[in-house]
Amino acid sequence: MLVLVVNWMANPGKEEEVVRVFGKLAAASRQEPGCRMYVVHQHRDDARHFLVYEQYDNDAALQSHRDSKHFQQYAVTELPTLGTRINGEVFQTLP
């Protein structure tokens with residue numbers, strides 16, 4: 001299993017729009033075959049800071065997610081107008 005952890009920062013005043021877009025992306029992503037978990041978190045003290053935690057069965061499932069229509073619409077097109085991806089790291093589960 002693969003885990004993707006993404007840190008994301010909303011532009012000032014765009015937090016509510018980011019929550020809305022991430023909500024749509026998360027709902028669609030959870031329906032994908034091979035997606036085991038897709039959870040978006042908002043920092044308790046800094047409402048602009050988001051952390052996305054994703055689990056996928058394998059590399060093919062992660063790539064399918066990245067190629068999906070909803071990912072292209074929300075993550076590639078809409079979210080970059082509302083903030084910036086700080087980093088993203090992929091981990092694999094230990095046996």
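The values are calculated or read from the model by the stated rules, or taken from the named source; none is laboratory data. Quantities reported herein were computed from a predicted structural model and do not represent experimental measurements. Virtual Cβ from ideal backbone geometry, glycine too; neighbours counted across all protein chains shown. Accessible surface areas use protein heavy atoms only, side chains included; no ligands, DNA or RNA. Shrake-Rupley method; radii C 1.70, N 1.55, O 1.52, S 1.80 Å.
Looking at 40, 87, 53, which one has the Cα that reaches farthest to the positive end of the dipole of the chain (charges on Cβ: Lys, Arg +1; Asp, Glu -1)?
It is 40.
Using the Cα centre as the reference, give the magnitude of the dipole from point charges on the C-beta atoms of the chain (Lys, Arg: +1; Asp, Glu: -1; all else neutral), rounded to the nearest 20 debye. Don't jump to the answer; show the numbers that get you there.
On the way: 10 positive and 12 negative charges, 30 e Å.
I would put it at about 140 debye.
Within the range 9-25, whose backbone N sits under 16 Å from a point 7 Å along Cα→Cβ of residue 39?
Label zone hits: 23.
Taking the Cα atoms only, what angle lies between the long axis of helix 15-29 and the longest principal axis of the chain, rounded to 10 degrees?
The two axes meet at around 20 degrees.
Ordered by packing density, taken as the mean number of other Cβ atoms within 10 Å over each peptide's residues, highest first, how do 72-80, 3-11 rank?
Values: 72-80: 15.2, 3-11: 17.0.
The packing order, highest mean first, is 3-11, 72-80.
Keeping every protein chain present and rolling a 1.4 Å probe, give me the accessible area per residue for the chain in Å².
Details: 5810 Å² over 95 residues.
The answer is 61 Å² per residue.
Of the accessible area of the chain, with the probe set at 1.4 angstrom, what percent is carbon plus sulfur? Don't skip to the end; give the middle numbers.
Details: 2980 of 5810 Å².
The nonpolar share, carbon plus sulfur, comes to 51 percent.
Rounded to two decimal places and with Rh computed the Kirkwood way over Cα pairs, what is Rg over Rh for the chain? Show your work: numbers first, answer last.
On the way: Rg = 13.0 Å, Rh = 13.5 Å.
Rg divided by Rh gives 0.96.
Going by Cα centres, the range 53-95 and the range 20-35 are how many Å apart?
Cα centroid to Cα centroid, the span is 10 Å.
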